[in-house]
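In what follows, a structure is listed as structure tokens, so that the remarks can point back to it.
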Amino acid sequence: MKFFADTAEIDDIKELAATGLLDGVTTNPSLIAKSGRDFMEVTKEICGIVDGPVSAEVVALDHAGMMREAEVLRKIADNVCIKVPLTIEGLKTCKALTADGTMVNVTLCFSANQALLAAKAGATFVSPFVGRHDDNGFDGMDLISDIRLIYDNYAFETEILVASIRHGVHVLQAAKIGADVMTAPPAVIKGLFKHVLTEKGIEGFLADWAKTGQSI
Ligand code: E4P
């Protein structure tokens, strides 16, 4: 499963990229606002840090406007992935952009039928929001299972990008279902490295090593 960081914070992206485990980045207008940075500048900077796809979201609601904004965004770098909402206008834009080789992430997916439409529109990625789904009384992971089943039934190449991840259990469940990608806040990704028994084990080994009086 590919790991994307869901953030526009440069320091976090650099720290995760240094692990060699970061495959891409997703941003959205809220994350850009939180960063306090200029959209174009920060997106360019992120594209220079990671080799993989960096999602940059359009804000126009009509096809012509989305195409105009996508034209600006895709000039930032070769690894920019245009993010469009799961609407009729968004899917028209997805079809047009992917037809000429541009990566597209169809975002704000909340049903398996919407994911089916995104795949038919040729989306590179579809982003089902599991956390927001859970918040509203649905089971976000049931949605991921349904999309996996449908995509496998028809051998769709659209990658399932599990978004709105809130904790490590979401990551584990997404991996067990066979999602292609997960995008999570840096704190959630950093939390995956931790286990109390790993820390305790290191502590014990170091204490015993000190008793030997040896060095490597
Ligand atoms: C995905 O691309 C979105 O940016 C993101 O995962 C939304 O997560 P949230 O529900 O925590 O805002």
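In table form, for the structure just shown:
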quantity	calculated
Flag for PHE138 being within 19 Å of PRO53 (Cβ to Cβ), of a type in the set (Phe, Trp, Tyr) and not in a helix (DSSP H, G or I)	no
Wholly enclosed helices (runs of 4 or more DSSP H) of the range 167-216 bearing at least 1 residues in contact (Cβ under 8 Å) with a residue 24 or more places away in the chain	168-177, 186-192
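For (1) more than 20 Å from the chain's Cα centre (by Cα); (2) within 16 Å of the ligand (Cβ to nearest atom), each residue gets a yes or a no:
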position: GLY52; (1), (2): no, yes
position: GLY65; (1), (2): yes, no
position: ALA119; (1), (2): no, no
position: GLY137; (1), (2): yes, yes
position: ILE144; (1), (2): no, yes
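No lab work stands behind these numbers, since they all come straight from the coordinates. Since this is a predicted model, take the numbers as computed values, not measurements. Every residue, glycine as well, gets a Cβ built from its backbone with ideal geometry; the counts of neighbours run over all protein chains shown.
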